[in-house]
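Read-outs throughout are calculated quantities, based only on the coordinates presented, and are distinct from any laboratory measurement. Here the structure is a predicted model, which is why all the values come from computation and not from measurement. FYI the Cβ positions are ideal-geometry reconstructions off the backbone, even for glycines, and counts take in every protein chain you see.
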Amino acid sequence: MEEADQPSTARMIDFWLGGAHHFPVDVAAARAFEGAYGPCAPLFREMRGFLGRTVRAIAAAGVDGFLVFGAGVPTQGNVHEAAPEATVLYTDVDPVTIRLGQRILAGSDRAGYGFGDATDVGTIDPALLHRFVPGWGRRPVGVIFLGLAAFLDDATLAGTLDELYAAVAPGSFLAVDFDSEELAAHPQALAMMGPAFRMRPPAAFAPLLGRWTPTADGIVPVQHWRPEAPPADLPDAFYGALATKPAA
Ligand SMILES: C[S@@+](CC[C@H](N)C(=O)[O-])C[C@H]1O[C@@H](n2cnc3c(N)ncnc32)[C@H](O)[C@@H]1O
C-alpha cells in the first residue's frame, strides 16, 4: 500500500468523513488543523450533503454524465454514489490521490479517475473523457467543482469557469462552492492552509461565475441549499450554488 509524505486536504476530508482512504500524515494534519480551528467533521458532512443534493438535482434534470474537478477521494457519498445510474469521470492533480482513486474505482465500469488540471480541461485524457462523459460538448453534463475555488485566484477561477461554460453543451450544470471568511477569525488555522488559500465573501464570488446562471436557490451556505432536514447549526464556512448554461 502506497504511503504519502505530504498531507492532502482531500484525504483529510476523507478522514473527517470517517473514510478509510487516508494516511498517517493526513490524520496528523487534520488533528493539527482541528487544534487551531475546532471540530471539522460536521462541516465536511454538510459539504458532502451539498454535493449529494446538487448531484441528485442534476441527475433529476436528465443528465447522466459528470465531470468532477479537484475530486479528492471518490467515496463517502461522492458523485457516482449519489447518481448510481450516471457515468462519472473524477479528476485531480495530486498523483497520490489519483492512484488512490483509481484503486477504489478499479472494479467500476461507470466511474473512472484520471489527471485533470481544472484550469485547463485539455489536460484530461480524451479517451477517459469520452468514455465516462459521453457526448462531452454535445450533450448536457454535470460539472462538479467543489473544494477547489479556494486554491485559485480570482482571474484564474473566472477564466476557468468561463472556459468550462464555453466547452459544455447547453443544458449543462455546474455545482460549485467557495470558502467564506470564516477562517479570518482563526489565524493559526488560516496559516495552515498556505499563502495561496483564498476566502471570499458571497458578493465577491458571484461575478466570478460569469455566464453561468445560478438557480433560484442562489449562492447560500451549503447547509441551506435545498436542505432535506433542518440545517445543522454550524458556521457558514462554505457557500455554494448550482448554476446552469441554459438550454438553447
Ligand atoms: C479541498 S480538496 C477537495 C476534494 C473534494 N472535492 C472533496 O470535496 O472532498 C481540493 C482538491 O483539489 C485538488 N486541486 C488543487 N488544485 C487543482 C487544480 N488546479 N485542478 C484540479 N484539482 C486541483 C487537490 O489536489 C485536492 O485533491
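Among 137-144, 197-204, how do they line up by average Cβ neighbours within 10 Å per residue, starting with the highest?
137-144, 197-204
Shape of the stretch 1-73 from its Cα gyration tensor (a ≥ b ≥ c, root eigenvalues): rounded if a/c is under 1.5, otherwise prolate when a/b > b/c, or oblate?
It comes out oblate by the Cα gyration axes.
Separation between the Arg103 and Asp217 pseudo-spin-labels, each 7 Å from Cα along Cα→Cβ, expressed in nm?
So the two model labels end up 3.4 nm from each other.
Please report how far the C-alpha centroid of the stretch 181-248 lies from that of the stretch 78-117, rounded to the nearest whole angstrom.
24 Å
Residues in the stretch 1-35 near a label at Thr119, defined as backbone nitrogen under 20 Å from the 7 Å Cα→Cβ point?
Counting only backbone N, you get 8-10.
Does the stretch 79-204 come out rounded, prolate or oblate by the C-alpha gyration tensor, with a ≥ b ≥ c the root eigenvalues, rounded set by a/c under 1.5 and, if not, prolate when a/b is larger than b/c and oblate if not?
The shape class here is prolate.
Mind listing the Cα extents of the stretch 9-244 along all three principal axes, in Å, largest one first?
Largest first, the stretch 9-244 extends 46, 38, 36 Å along its Cα principal axes.
Give me the percent of DSSP beta bridges within the stretch 9-244 that run antiparallel, rounded to the nearest 5.
Around 40 percent antiparallel, to the nearest 5.
How would you rank 167-177, 69-79, 53-63, 153-163, highest first, on the average number of other Cβ atoms within 10 Å across their residues?
69-79, 167-177, 53-63, 153-163
Quick check on the exposure proxy: order Leu242, Leu190 from fewest to most C-beta atoms within 10 angstrom.
Going from least to most buried by this count: Leu190, Leu242.
For the stretch 63-68, what does the Karplus curve 6.51 cos²θ - 1.76 cosθ + 1.60, with θ = phi - 60°, yield as ³J(HN,Hα) per residue in whole Hz, taken in order and with x for Gly and Pro?
So the Karplus estimates, Gly and Pro as x, are 7, 10, x, 10, 10, 10 Hz.
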